[in-house]
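Chemist: I have a structure here, written as structure tokens, and I will follow up with some questions on it.
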Amino acid sequence: MPVLVKDLEIVPDPWRLIESADDSDGSTGDGCIFPFDYWASAPRPGQACNAGFWVDGGVDVERLRDHLEGASLVAVKFPAFADGRGLSLGVLLRSRLGFGGELRAFGDILPDLAQYLHRSGFDAFLVEDRRAAEVAITSVASITDHYQASVLQPQPAFRRIHTGS
């Protein structure tokens, strides 16, 4: 059973992933993560409630720009462990589009990816079980500083050292 890691803690998952528009049962209620095409075409499912949408990692970020308002969550599907397009999408959602809601990764998420997800702006991800979640959390916590800039730390190490921050 998948386990949710949010803000580097294992937590219960209050959200329900709607795989396709056919599965939505006309639902526009709280806690639903709709497919993006359904979200974009429906009369703002969840605008007045706690709802969001999911996309594949390869989607053009500009398609999402006009649909982020009212979304409490954006989930990015990673179809394969080796497919890093979702990481780039996470960075663009946070930095270019300024998305401030929950950014969640799901799909083929292995603990090895946790460090990259965290640095790319994802604050939540689903892994296969509790053991994988514990390994992912330990992995992220084991490295406290990075040379490269990231969504979490926009200044690279040489700039932080030079300015004393």
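Chemist: Assuming 0.36 nm per residue, please report the length gained on full extension of the stretch Arg16 to Asp83 beyond their Cα-Cα distance. If you can, show how the numbers build up before the last one.
Modeler: Values: separation 67, 0.36 × 67 = 24.12 nm, distance 2.42 nm.
Length difference between fully extended and current span is 21.7 nm.
Chemist: I'd like the FRET efficiency for Ser142 and Ala42, computed as 1/(1 + (r/R0)^6) with the beta carbon distance as r and R0 of 45 Å, rounded to 0.05.
Modeler: 0.60
Chemist: Quote to one decimal, in nm, the extra length available between Asp112 and Ile161 on full extension: 0.36 nm per residue of separation minus the C-alpha distance between them. Show your work: numbers first, answer last.
Modeler: Working: separation 49, 0.36 × 49 = 17.64 nm, distance 2.84 nm.
Full extension of this stretch gives 14.8 nm more.
Chemist: Right, here's the next one. At a 10 angstrom cut-off on C-beta neighbours, averaged per residue, how do the peptides 117-130, 82-95 rank from highest to lowest? Each step should come with its number before you reach the end.
Modeler: Values: 117-130: 20.6, 82-95: 18.4.
Sorting 117-130, 82-95 by mean packing, highest first, produces 117-130, 82-95.
Read-outs: derived from the displayed coordinates by stated rules, not from any lab. For clarity, every value in this text was computed on a predicted model and none was experimentally measured. Here Cβ is always computed from backbone atoms with ideal geometry, including for glycine, and neighbour counts include all displayed protein chains.
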